[in-house]
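Student: Sharing a structure here in structure tokens format.
The values are calculated or read from the model by the stated rules, or taken from the named source; none is laboratory data. Predicted model, so just to flag it, every value in this text is computed and none were measured. Please note: Cβ atoms are built from the backbone with ideal geometry, for glycine as well, and neighbour counts cover all protein chains shown. We work out accessible area using only protein heavy atoms, side chains counted, and drop any ligands, DNA or RNA first. Shrake-Rupley method; radii C 1.70, N 1.55, O 1.52, S 1.80 Å.
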Amino acid sequence: MFISPETRLSATKLSRLVEISRELNAKTNVDDLLTHIITQAALLTQAEAASILLLDPNTRQLRFKAASNAMNPAMKDIPVPLEGSIAGAVFQANEPMIIADVSQDPRWNQNVSEAIEFQTKSILGVPMHDVQRPVGVLEALNKQQGGFTAEDVETLTILADIAGVAVEKARLIEQLQQAYADLNELDQRKTDFIAIASHELRTPLSIILGYVSFLREEADPLMAEQLDSVMAAAVQLRSLIQDMLNLQYVDTGKTALALRPVDLVAFVRALAAKDETAVARQQTMMTHLPTKPIPVSIDPGVMEIVFNNLLDNAIKFSPEGGRVDITVERRGDEAWFHVRDSGTGIPADKLERIFKRFYQVEHHLRRQYEGLGLGLAIAKELAELHNGRIWAESVAGQGSQFFVALPLAEGA
Ligand code: ADP
């Protein structure tokens, strides 16, 4: 029989429903939520038990998801067809339905009763919706005294509406958590792959470099020129592999840092003097260093990676004959290192993203610069391991400036 609920619920019942709505909204685990819904459904309608069937969107059948009597695990797999079943009729009609005596209803399936070890006599079934569409059926089974009333219909209908939205929300949260876990796993696999690949590539490359430099010594001038090209390509490859290897510093974290007091001024002077690429590209590299030392506590080997990544980029992205300025200064209780270049510049909306792993401003297919897009991500993570900060500023077409701020050594 189809019912149209017209009763007015008591204030107590309404306030209980509001309370339940709050409880349901606080739950984010779908199974907990379903259990809570059926417990409340049975309590509110004074029924012996309750159950929820949700639509399987693939098979278009309903499936038991929870029941208030200790649900036989096998029951979860029992499909209930939309045609020729009571729950299916509630779902398809999208209307509440009371079956006072199931034994008189041809749609009643005795197998279900047997499977769940519960003798069903009467059913009040109401459709459950999420925001837009019907998603399942909520059933109260066996009214303890008398038959299900219009008030039960209204109560269960409201509960089913609240429940449908809560279930959908919990499902979305679970999907999101799953997607997040998948992403993390993917990220970990990518990091593992880089670590393995870089180690595997390093050994054969060392052999190539060794033999080429040996052959270069013995070679006649024509051969020597060709071997120089091989050598240059191998050195370029080594620097790419080094970027990949540097990731491991980041991933082993703070514990691996060997901090010691260093004068940042002397450190940067030595670093800038070593750079030969700028000379080869006829670029002017100027250093602006204070006369007084600036003591910081750093792992020099690791900080060299940070500064070199910034210097290499400044040189790489500046044109031949361009200019690179390196400055070290004391700013309050920090030491600042900055590099200004005369290169392409970086669009304002990319200034933060360039510090993400593998991010490159130019599309990889149209790129004219070599690199893996790892240098800045590594520099950022390593600077942060030193409790430092790193950032970039740029005016389009007028080059870029990269900054590293480090805390001064204690007592400085
Ligand atoms: P890559 O190996 O690609 O240089 P990085 O992490 O060092 O990787 O840099 C990421 C991206 O940031 C570069 O591909 C480039 O698009 C941009 N970038 C970095 N430094 C500069 C710079 N000095 N001038 C212009 N663009 C830069």
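Student: Shape call for the stretch 173-288 from the C-alpha gyration tensor, a ≥ b ≥ c root eigenvalues: rounded (a/c under 1.5), prolate (a/b greater than b/c) or oblate?
Tutor: Oblate shape, in that a/c is at least 1.5 and b/c is the bigger or equal ratio.
Student: Measuring from label point to label point, each 7 Å out along Cα→Cβ, what is the Q282 to F214 span in nm?
Tutor: 3.9
Student: Could you grab the relative contact order for the chain? Cα pairs under 8 Å, six or more apart, rounded to a whole percent.
Tutor: The value is 11 percent.
Student: From the residues Q104, V90, F118, which one has its Cα farthest along the dipole of the stretch 84-137 in the positive direction, the dipole being from +1 and -1 charges on Cβ of Lys/Arg and Asp/Glu about the Cα centre?
Tutor: Of Q104, V90, F118, it is V90.
Student: Specify the angular offset, from 0 to 90 degrees and rounded to the nearest 10, of the alpha carbon long axis of helix 150-218 from the longest principal axis of the alpha carbons in the chain.
Tutor: 20
Student: Here's a follow-up. Mind checking which of T344, V135, P81 is farthest towards the positive end of the chain's charge dipole, using Cβ charges of +1 (Lys, Arg) and -1 (Asp, Glu) about the Cα centre?
Tutor: The one lying farthest along the dipole's positive direction is T344.
Student: Also, I was wondering about something else. Would you mind calculating the gained length between F358 and R260 on full extension (0.36 nm times residue separation, minus the Cα-Cα distance), in nm to one decimal?
Tutor: Once the chain is fully extended between F358 and R260, it gains 32.2 nm.
Student: Divide by every residue of the chain the summed helix terms, -39500 (n - 2.57) for each DSSP H run of at least 4, and state the resulting mean residue ellipticity at 222 nm, rounded to the nearest 500 deg cm²/dmol.
Tutor: Value at 222 nm, helices only, nearest 500: -16000 deg cm²/dmol.
Student: Where does the charge balance sit around I298 when Lys and Arg score +1, Asp and Glu -1, over other residues with C-beta under 10 Å from its C-beta?
Tutor: Result for the local shell: -1.
Student: Compute the Cα gyration tensor for the chain, then decide on rounded, prolate or oblate, letting a ≥ b ≥ c be the square roots of its eigenvalues: rounded whenever a/c is under 1.5, prolate when a/b is larger than b/c in the other cases, and oblate in all that remain.
Tutor: Verdict is prolate for the chain.
Student: Given charges of +1 on the Cβ of Lys and Arg and -1 on the Cβ of Asp and Glu, with all other atoms neutral, how large is the dipole of the stretch 242-290 about its Cα centre, in debye to the nearest 20?
Tutor: 140
Student: Estimate the FRET efficiency between A93 and N58 by the formula 1/(1 + (r/R0)^6), using the beta-carbon distance for r and 30 Å for R0, to the nearest 0.05.
Tutor: Working from the Cβ atoms, E equals 0.85.
Student: Only Lys, Arg, Asp and Glu count, each charged at its Cβ (+1, +1, -1, -1), so figure out the dipole size of the chain about its Cα centre, rounded to 20 debye.
Tutor: Around 620 debye, computed over the chain.
Student: Per residue, how much accessible surface does the stretch 163-206 expose to a 1.4 Å probe? Answer in Å², no decimals.
Tutor: For the stretch 163-206, the solvent-accessible area averages 70 Å² per residue.
Student: Summarise the accessible area of the chain (1.4 Å probe, protein heavy atoms) by the percent that is carbon and sulfur.
Tutor: That fraction is 54 percent.
Student: Something else about it: Grab the Cα-Cα distance for A11 and A233, subtract it from 0.36 nm times how many residues apart they are, and report the gain in nm with one decimal.
Tutor: Once the chain is fully extended between A11 and A233, it gains 71.8 nm.
Student: Can you compute the FRET efficiency between V395 and E304 using 1/(1 + (r/R0)^6), with r the Cβ-Cβ distance and R0 = 35 Å? Round to the nearest 0.05.
Tutor: Given R0 = 35 Å and the Cβ-Cβ separation, E is 0.75.
Student: Tally Lys/Arg at +1 and Asp/Glu at -1 over every other residue whose Cβ is under 14 Å from the Cβ of S113; what's the total?
Tutor: Net charge in that neighbourhood comes out at -4.
Student: Can you order the peptides 149-162, 275-288 by their average number of other Cβ atoms within 10 Å per residue, highest first?
Tutor: Packing proxy ranking, top to bottom: 149-162, 275-288.
Student: What does the charge count around L215 come to, taking other residues whose C-beta lies under 15 Å from its C-beta (Lys +1, Arg +1, Asp -1, Glu -1)?
Tutor: Summing Lys/Arg as +1 and Asp/Glu as -1 gives -4.
Student: Follow-up question, since we're still on this one. Dipole of the stretch 160-212, Cα-centred, from +1 at each Lys and Arg C-beta and -1 at each Asp and Glu C-beta, to the nearest 20 debye?
Tutor: The calculated dipole for the stretch 160-212 is roughly 240 debye.
Student: Starting from the Cα gyration tensor of the stretch 230-319, take the square roots of the eigenvalues, sort them a ≥ b ≥ c, and report rounded, prolate or oblate (rounded when a/c is under 1.5, otherwise prolate if a/b is larger than b/c, else oblate).
Tutor: Oblate, since a/c reaches 1.5 and b/c is not below a/b.
Student: Then there is this: Relative to the longest principal axis of the chain, what angle (0 to 90°, nearest 10) does the C-alpha long axis of helix 300-317 take?
Tutor: That helix lies at roughly 80 degrees to the long axis.
Student: Using only Cα atoms, tell me the angle between helix 375-385 and the longest principal axis of the chain; keep it within 0 to 90° and round to the nearest 10.
Tutor: With both axes taken from Cα atoms, the answer is about 80 degrees.
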